[in-house]
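To keep things clear, I will list the structure first and then write my remarks on it.
Please treat every number below as a calculation from the coordinates, not as lab data. Quantities reported herein were computed from a predicted structural model and do not represent experimental measurements. Heads up, the Cβs are rebuilt from the backbone with ideal geometry, glycines too, and the neighbour counts pull from every protein chain shown.
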Amino acid sequence: MTQDSELDILVRARIRGLRVAAGWSLDDLAARCYLSASTLSRIETGHRRISLDQLSVISRALGATLDQLVEPPGDSDVVIRPHHDAARGQTTWMLNRDPAVTVAKLRITRPARLGETELKVHPGKDWLTVLSGTLVLLLGERTILVETGHAAEFSTMVPHAFGAHGGPIEILGILDHDGQRTHLGHGPDDRELHNEARHEAHRDPDKP
């Protein structure tokens, strides 16, 4: 079976799956995309070739994009690989692809450091939970220890930094755009590096 035929089968299965998930009959979908129910039936069962125009109207009716319908199979969008930043003593797993909000798992080996260059300020809030180890959070003039299984939320307009306390830690964090840029090292000057790291994290290992 060729890759094209595998994708063709997958596209037809996606159409049927989205229709069934919406609770629609063939007649229901036909009324929404201005195709006959018999045409849709032949498309879903592989007895009719699908034109680009048909895919376009079917995807709109199903509330999906054309790209989502024809996305090729593979694990590049499933397997997340870590990005290691030796200078920060930090390994990051980017768990989503939303540019507005980043969900990331971090392994941190470096302790938090005091100093004007280390304490950061940016708009918004940070939220994190400690998966293992003890995190030290420097928040203004306070030093707060966050143990395994505990979480923290704080205004990032307060000068802050965090790091490991007594050994490596693993945390799960939710960061907005400014938090991502500050804590994951992806500022305006290294946006290209960030994109490369995100691409590498989702790269298919079987491809060069």
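Matching residues to (1) in contact with a Pro (Cβ under 6 Å, 6 or more places away or on another chain); (2) of a type in the set (A, V, I, L, M, F, W, C); (3) farther than 23 Å from Glu71 by Cβ:
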position	(1), (2), (3)
Asp8	no, no, no
Gly17	no, no, no
Val20	no, yes, no
Gly23	no, no, yes
Ala31	no, yes, yes
Ala37	no, yes, yes
Ser41	no, no, yes
Arg48	no, no, no
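Filtering region 126-144 to residues that are polar (S, T, N, Q) and either surrounded by 19 or more Cβ atoms within 10 Å (Cβ to Cβ) or part of a loop (DSSP other than H, G, I, E, B) (or both) leaves only Thr134.
Residues that are acidic (Asp, Glu) and over 22 Å from the mean Cα position of the chain (by Cα) within region 85-143 comprise Glu116, Glu118, Glu141, listed in sequence order.
Those residues that are free of Cβ contacts under 8 Å to residues at least 24 places away in the same chain and within 18 Å of Leu175 (Cα to Cα), I need them from region 107-153; list them, please.
So in region 107-153, the residues free of Cβ contacts under 8 Å to residues at least 24 places away in the same chain come out as 115-117, 139-150.
Within region 107-153, Leu139, Val146, His150 qualify.
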